[in-house]
1. On full extension of the chain, what length is gained from K584 through N38, given 0.36 nm per residue of separation minus the C-alpha to C-alpha distance?
2. If I model a spin label as a point 7 Å beyond the Cα along the Cα-Cβ vector, how far apart are those points for D234 and K524 in nm?
3. Order these peptides, 586-597, 232-243, by their mean beta-carbon neighbour count within 10 angstrom, highest first.
4. Give a quick list of chymotrypsin sites (Phe, Trp or Tyr not before Pro) in the stretch 100-208 that DSSP marks as loop, anything other than H, G, I, E or B, with at most 11 other Cβ atoms within 10 Å.
5. If packing is taken as the average count of other Cβ atoms within 10 Å, what order do 295-305, 47-57, 505-515, 24-34 fall into, highest mean first?
6. Hey, for a label at D296 modelled as a point 7 Å past Cα toward Cβ, could you say which residues of the stretch 310-333 have their backbone N under 15 Å away?
7. Given contacts defined as C-alpha pairs under 8 Å and at least six residues apart, what's the relative contact order of the stretch 334-488, whole-number percent?
8. Could you tell me which of V449, S128, Q288 has its Cα farthest along the dipole of the chain towards the positive end, charges placed at Cβ (Lys, Arg +1; Asp, Glu -1), taken about the Cα centre?
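Please treat every number below as a calculation from the coordinates, not as lab data. Note that the structure is a prediction, hence the values are computed from the model and not measured. Here the Cβ positions follow ideal geometry from the backbone for every residue, glycine too, while neighbour counts run over all protein chains shown.
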Amino acid sequence: MDKRALRKISGPNRKLNCRSGVFYAEQIQYVVCTEVKNIAHRRTLVLYVYDKERVLAGDSIPKWTVFQSKEEYIALCRDEEGTRWHQSMFNSLNREYCFSGKCSFYSYADEERVTRFCQKANLKGFNSLDGLQYELFCKRQKARRLKSQKKIAERMKPVKSLPRDIKGFIFRETLPHYIFYDYVKGKAPRNACCTACRHEVFVTEAKHNGKGICPRCKSDVIYKSRGRRGNIVDRSTVQVIQRAGENEVIIRIVKSYCRYCKSDTPKYDIYENARLFLFREDGKPVKQEDYYYCYDRKQLTPWHKGKRPGFGAWSYNFEADYSGYLYHRNLENELKGTPWQYSALKEYYMADPTPLYVDRYLNEYLHYPMLEYLVKLKLFRLATYVVYGDADGSKFYGNNEVLNSSGKTLTEILGVEKKHVPFLQTINPGGKQLKLIKSLLREGIELDVDLLKWCSENSVGNAEYLTVPLRYMTPHRLLRYATEQFAAHRKISNTDNGYYSVNYMMSDYKDYLCMCMALDHDMKSSFVLFPNDLKAAHDRVNDLNQAEITEAYDRRIAKMFNELQERYSFKKMGFMVIAPRSSKEIIREGDKLHHCVGRYVKDVVKDNCTILFIRKASAPKEPFCTVEIKHGDIVQARIQNNGSPPPEVQRFIELWKQQVLYAPATTAA
Ligand SMILES: [Zn+2]
């Protein structure tokens with residue numbers, strides 16, 4: 001409709017009589033006047049909807065003006081905020097339930113005009129208008145749907161056919177194989193037949209549902225006695241990647257069912273069930289459009305936009321699951337010339353050909369091109385960490401704490417020197433382990449394969465549990481002692497006095513050693529380093545009176561000063577980082593700045609955290625900002641009254657973090 005022409009219609013030619021009865025009926029809120037006009041060469045029914053209260057207050061401008069032609073309708077709304085166009089039907093103008101029930105025509109002639117214009121059999125007034133508008137609404141929706149379906153059909157046009165050998169691939173690489181046999185009591189199975197090579201084979205013995213290897217084709221098989229097996233149904237998902245353009249690939253989700261009913265030959269059901277379009281427009285991050293297959297005769301195309309509706313987030317829905325095996329035979333060709341040409345997807349998949357989400361990999365690769373290097377170096381678990389996160393749920397957030405995604409060289413990306421790469425390759429660390437390795441390197445501790453393997457087997461992830469003992473002993477000695485102690489003090493039931501996990505025991509050991517240092521024990525004596533009963537020794541060194549504690553803590557912090565200074569001190573932009581010299585200094589810092597750092601003295605002594613001071617370079621003695629470091633990361637930075645530091649200090653901290661805290665780990669040697 002011609003909105004400009006419609007806007008010129010401001011009100012009816014008639015004048016409303018405020019003394020008319022409709023304005024005083026309680027149940028009526030809106031009064032409607034009508035006219036039929038010729039607007040821009042079209043016969044148009046115009047409805048003026050007045051707010052009763054506003055008319056009685058002297059305002060004679062209609063709140064809504066509804067324009068209704070034979071083909072279209074539109075409403076113009078006027079209120080305090082100005083004028084707006086509405087596409088909604090008359091009955092939902094105000095978004096109230098049954099709006100027309102609150103309206104009344106100004107006169108009988110107004111109602112007649114509407115009934116005559118709309119020409120709906122057996123319907124009068126508002127109902128006939130509603131009937132006509134609903135008919136037009138349905139038409140409009142249908143046209144809209146058709147338009148979007150045409151667009152989808154157009155999108156699907158360039159999609160090629162699936163690879164010819166897809167069926168063979170699914171059968172060979174994604175579905176289990178069987179040897180079916182006839183069971184004979186006391187004798188070798190008869191008529192054994194392998195589904196992988198489809199040959200009769202000879203097996204001397206077989207156990208129903210037992211695993212084995214086909215003597216002919218060497219495939220892994222499961223033995224199934226024909227008498228007991230019943231129907232077997234297997235299903236799998238395969239993802240096929242195809243190139244759709246210079247900056248676009250399609251991931252096609254192919255589902256398959258394979259059934260062994262009465263015979264030994266399977267019946268297949270292979271169908272494509274979703275398509276994911278991944279594309280990139282210049283310089284923008286990758287975009288993904290999902291479509292799922294849903295056959296409906298009324299539709300132009302079976303493809304629907306979006307993700308397949310599932311039943312709920314916590315129930316598995318095979319049809320809606322994208323994860324699957326990857327059809328890898330075409331990858332070089334299909335990815336050539338696309339942004340994913342060097343994504344090393346094939347190498348990554350072939351290292352562990354099990355179901356995965358390929359779309360995640362392709363998405364993350366464009367964010368983190370370093371994936372290529374990681375995969376080529378066979379650091380597969382780090383690649384997995386970047387794309388999917390670690391097994392313990394920790395995710396890669398792109399900060400430099402574990403990997404530096406903007407690094408240009410290997411050393412920069414991994415944060416270790418080149419000479420340590422072979423070590424990483426033997427360990428194949430995840431994100432958490434690499435972090436641990438770097439903490440060890442920064443402490444100048446030599447890397448040891450057995451130690452790292454032991455850590456990952458016993459989930460020891462806290463660097464200080466290793467760095468503290470390794471100051472005084474070799475990794476080999478540490479492992480031997482820890483294994484012995486854990487065997488002796490393992491806690492199995494609640495009444496035992498011991499340790500549930502190695503991690504917990506290592507925490508006590510570190511604690512014990514820290515206290516020994518604080519108490520000025522001889523750290524070279526193996527009598528001190530390796531007590532017979534760790535638990536008892538730990539309790540003994542912690543059993544002190546207040547004066548002894550204060551003295552011990554002070555001694556320890558003073559001893560740590562040089563070490564921390566060497567590791568963390570930094571001066572730039574008019575600020576500096578310095579380490580505390582005594583426990584008194586930490587307590588004074590807390591008192592001066594009115595925050596709670598004084599309570600951390602114990603944790604500092606036991607290497608649970610590190611407290612450092614940021615001072616203005618012009619006033620290096622004056623408390624200003626306090627930082628707590630835990631597991632190699634800043635956990636808090638506080639100024640006066642527990643406040644957050646101002647922007648310039650935050651910038652300084654960021655710089656310090658990148659240049660000192662996350663700096664590539666280099667050994668002193
Ligand atoms: Zn075979």
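1. 187.4 nm
2. That separation, rounded to one decimal, is 6.6 nm.
3. Per-residue Cβ counts within 10 Å, averaged per peptide and sorted highest first, yield 232-243, 586-597.
4. F202
5. 505-515, 47-57, 24-34, 295-305
6. So the set is 310.
7. Worked out over the stretch 334-488, it gives 16 percent.
8. Among V449, S128, Q288, the one farthest towards the positive end of the dipole of the chain is S128.
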